[in-house]
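Q: Okay, here's the structure, questions in a sec.
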Amino acid sequence: MSMNRFADASTKAAVSRDGTSRPGIFTQTAADKGPIPGRREREDMKIDHPSIVAARKVDSPVTEEYKKLKSRIVDLTTKDGFKNTLAVTSSVSEEGKSITAVNLAVSLSQDYDHAVILIDADLRRPTLHTYLNRTPGKGLSDCLVGGIDPDAALMPIGSKKLSFLPAGKKIDDPVEFFASRKMQALMQDLKARYADRYIIVDTPPVLLFAETKKISAFADGTILVVKEGRATLENISEALDILKETNVMGIVYNHASLQNLNESSYYHYYSRYYAQRKER
């Protein structure tokens, strides 16, 4: 795949450290999808975490970058039918994968045509509930271990078009469960049951924990979040090797500094690097 083709298959979605937006790398229709039948109905709660800009600053430059990411994701997932299940991961920790997953979910749910289910599959270090201002309750692990129906664990978030499935109770060995037939059956059920909605799954860093590869195998596409100065090229290379049997849609280049956002430098460098790997 050439560099230009990679750019076409990606959306720039990065935020500079001074709060302005600059290019980085990436990167069914229903008039009103209502609440999911059978789920717990609670009063909508405002999403006011400062990192979830898609919910807080409608006209901010940073929000616009998430809208660009959302737009490209919609293009990639509706080209040949509706590919509704996306895994979001990173090479190592603290690259912003969870914040990216939440902002993308919020941005998608604000569209007239889209509704979203956001799943916290990082059972070792669940964080999505903190960004969504929710008290964690029964969730994904309870569906896997306890046989709880997902409808009973889903929470409405801020809008009837955004629902959240928390991580649930702690599991000692998540790899075993994510590799199980139960997990495969659950993901197939979710994809079929909510076929008109996006399902965004926040997963653990791929280099640190084996379960991410298992989760990504169930998804229609995987988004790799790369934070400037955090992951090395070796980290990214190893992550892409692990995910080579999955559909890696692209890379979100996060926390970009202004000096590295020249169109002829960092963007092209990572684009070229990714494209070379895809050609192997």
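No value in this document is a laboratory result; all are computed from the given coordinates. All values reported here derive from a predicted model rather than from experimental measurement.
Q: At 0.36 nm per residue, minus the direct Cα-Cα distance, what do ALA152 and ASP48 gain on full extension? Give it in nm, one decimal, please. All intermediate terms of the calculation are to be shown ahead of the outcome.
A: Details: separation 104, 0.36 × 104 = 37.44 nm, distance 2.51 nm.
Result for the pair: 34.9 nm of gain on full extension.
Q: Which value, in Å to one decimal place, does the Kirkwood hydrodynamic radius take for the stretch 118-265 when every pair of different Cα atoms is included?
A: On the way: mean 1/r = 0.0603 Å⁻¹.
So the Kirkwood estimate lands at 16.6 Å.
Q: I would also like to ask the following. Per residue, what volume in Å³ does the Cα convex hull of the stretch 168-220 take up? Show your work: numbers first, answer last.
A: Working: hull volume 4.8 nm³, N = 53.
Expressed per residue, the convex hull around the Cα atoms of the stretch 168-220 is 90 Å³.
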